[in-house]
Each structure stands twice: as structure tokens, then as C-alpha cells.
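Below is one structure, written out as C-alpha cells; comments come after it.
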Amino acid sequence: MTTTTPPAPVATTPTEPVHTAPAKRQRPRRSTPLTIAMLAVLAYFLLPLFWLLIASTKSAQDLFNSFGLWFSHAPQLLTNVRKTFTQDDGVFVHWLLNTVLYAGVSAIGAALLAAAGGYGFAKFRFRGDRAAFNLVLGAVMVPTTALAIPTYLLFAKAGLVNTPWAIILPSLVNPFGLYLMRVYAQDAVPDSLLEAARIDGAGEARIFFRIALRLLGPGLVTVLLFTLVATWNNYFLPLIMLNDPDLYPITIGLSSWAAQAQNGGAGTSSDMLALVVTGSLISILPLVVAFLMLQRYWQSGLATGGVKQ
């Protein structure tokens, strides 16, 4: 009888972990001419705002006697702000409230109309839809100043001249906003979600206001901001539509102060110019606040609208 002995175990040596050299991260290439060009563009856009901020801290005499891009020896920003709000029995506050009314109502109304129209073009098919959308694209190319005189004649026939509606109603029409919302709604609102809502018995109006409008939020805020800025800074339309100083927005009100400064005496001219500069600074602050509060919405709306087909 033979016996077999089991083979001796083979000694194994533990393998040492292999250390690989970390890959070097490639730093982004920097272009010196491109950096200089971007700094020049930044200075081009920020220099007027910087000058406006500096000039608002100066007295009427320092506006002409001191260096324009630096503070004077005796800054008086709070004094200039107080004079601006109290000049002519506080008419600047009235102009500011008028501007908030015109721009706010126009922005909200234009955003809702653009969202409804864009959603309709994106999700419904009807006879002549392409021709109607091409008409919208053509309207984007028409400058608003070219429509000011025909709009005035139309509103004069309707008896709406020298009323707030003469500013609000034309501002509700935003062809670019309609185009942007159509492109955004194409993929932002899934067709399957709409079909599921219809199967559950929801009407089209309920689907739009309860479902689609929430999905269109970023694009809606983008259109709202565009219309807000356009109406806030609008000058030519209020100039030809409004005759009552109590209905003036900030743009026309400050222009009337500038004209008063140009036609007045030496002392009156410098004093009014200081108020115009300070009022201009105050007038842009609400827009800055609106952009800072809503920037994450309108940036995502712009990015999504730029890649949707």
C-alpha cells in the first residue's frame, strides 16, 4: 500500500502595491492679449457707472472743479440724495413710483403673454402656425422706435394718450420674449406629462397654469427681466405719449430737470445737474437689485434657451 504526501505549500510573498505617479493637471492656457481685451471691455462698461457713483458724491461746484474720476475733499452723497427726493415737493418720488408701476405691470404682463404664446407654438399644431411664428421672428427685427409714431396715432384715436395705458399696453408686446419662450418650452415641458394630465381629465388652462407655467419658470424670469429693463429705460415712447408731469417716469423726469438746468442761470444750472446725476444713480439701483435677486433664474433660462432646438 502506497501513500502520497500532499505537496508542500508554495510560499507566496505579498505583492507590494504599485504606486503610480499622479497625473499632472494641465493648467488652462492663458492668452495675454485676450486678457487685456477683456479688461478693456470691462473698463468700457464699468467706467460710466464708476463716474456716476463718484459724481453723485460731489457738490454742484465740485462737479466742475474737481477730477471727475475721484472723490472731492468733502463728499456729500446723503445731502445730494436728500435734495433729490425733496426737490419740487418730492416729485422725484412720484416719478419713481410711476416707473415702478409701468415697468412692473409691463414686465409681468409681457412675461405671461410670452409664456402662453410660446407654449402654444411649442405644444400645439394648427393651421398657419409656421407662418404665424415666422411673423413673430420678423417682428423681432423691427425697432420699437419705428413703431412709436403709428402707436401714438392709434392710441390718440382710442383716447388713451396721456394715460398709464399708453406706456403699459405697447410694452406688453415682446416678440423676442415670445420667441425665447417657444424655444424654451419645446423641451422644458415634456409631452408625456401633458398627455398624463389630459388623461386625468385636466383642462388645457389648468395644465398651463398648474404644470407648464412652473416648468417655464427660468424662461419666464428671463423675459420678465428683459421687459423690466426695456420699460424702465424707455424714453421715446413716454416722451410722445405723456404730457402731464405727474405721469412722467424717471427718464422723462430727469430729462426735464436737465433741460431746466440748461436753460437756467449759472447757479441753478449747476444745482440741477447735481440732482440729475444723483437721480440717475438712484434710478439704476432697483434694476441692480432685481438682477441680483433673480440672476440664477435668468442665467439658466438663457443657457437652456440657447441650446434647445
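The values are calculated or read from the model by the stated rules, or taken from the named source; none is laboratory data. Just so we're clear, the structure is a prediction, and the values are computed from it rather than from any experiment. Glycine gets a Cβ as well: all are built from the backbone with ideal geometry, and neighbour counts include every protein chain shown. Remember, those area values only see protein heavy atoms, side chains included, never the ligands or the DNA or RNA. Shrake-Rupley method; radii C 1.70, N 1.55, O 1.52, S 1.80 Å.
Run the accessible area of the range 91-199 with a 1.4 Å probe and give the carbon-and-sulfur part as a rounded percent.
On the way: 4120 of 5830 Å².
Roughly 71 percent of what the probe reaches on the range 91-199 is carbon or sulfur.
Near Thr84: Cβ cut-off under 14 Å, other residues only, Lys/Arg at +1 and Asp/Glu at -1. The net charge is 0.
Less than 12 Å Cβ to Cβ from Ser56, Lys/Arg counted +1 and Asp/Glu -1: what total charge do the surrounding residues give? Walk me through the numbers on the way to the answer.
Working: positive: Lys58, Lys83; negative: Asp62.
That works out to +1.
Computed from label points 7 Å out along Cα-Cβ, the spacing between Leu239 and Arg296 is 4.1 nm.
Would you mind working out the magnitude of the charge dipole of the range 135-233 relative to its Cα centre, with +1 at each Lys and Arg C-beta and -1 at each Asp and Glu C-beta, to the nearest 20 Debye? Don't skip to the end; give the middle numbers.
Working: 6 positive and 5 negative charges, 55 e Å.
Around 260 debye, computed over the range 135-233.
Between Leu153 and Asn65, full extension at 0.36 nm per residue minus the direct alpha carbon distance yields a gain of 27.0 nm. Each of Ala139, Gly120, Thr84 was placed along the dipole of the range 80-141 (beta-carbon charges, centred on the mean Cα), and the one lying farthest toward the positive end is Gly120. The candidates Lys83, Lys157, Lys58, arranged from most to least accessible area with a 1.4 Å probe in the full protein assembly, appear as Lys157, Lys83, Lys58.
Going from most exposed to least, what order do Thr151, Thr84 have by accessible area with a 1.4 Å probe? Before the final figure, lay out each step's value.
Details: Thr151 30, Thr84 0 Å².
Listed by decreasing accessible area, they come as Thr151, Thr84.
Per-residue Karplus couplings for the range 37-49, computed as 6.51 cos²θ - 1.76 cosθ + 1.60 with θ equal to phi - 60°, are listed in order as 5, 5, 5, 5, 5, 4, 5, 4, 7, 8, 4, x, 5 Hz, Gly and Pro entered as x.
In sequence order, the range 64-75 has phi-based couplings of 9, 9, 10, 5, x, 9, 8, 5, 7, 6, 10, x Hz under the Karplus curve 6.51 cos²θ - 1.76 cosθ + 1.60, θ = phi - 60°, and Gly or Pro positions carry x. Taking 7 Å steps out from each Cα toward its Cβ at Arg30 and Val142 produces label points 5.0 nm apart. Using the Cβ atoms and a cut-off under 15 Å, what net charge is assigned to the surroundings of Leu193, where Lys and Arg are +1 and Asp and Glu are -1? Counting the neighbours of Leu193, the net charge comes to 0.
The distance between label points at Phe124 and Ala202 comes to 1.6 nm (points 7 Å beyond Cα on the Cα→Cβ vector).
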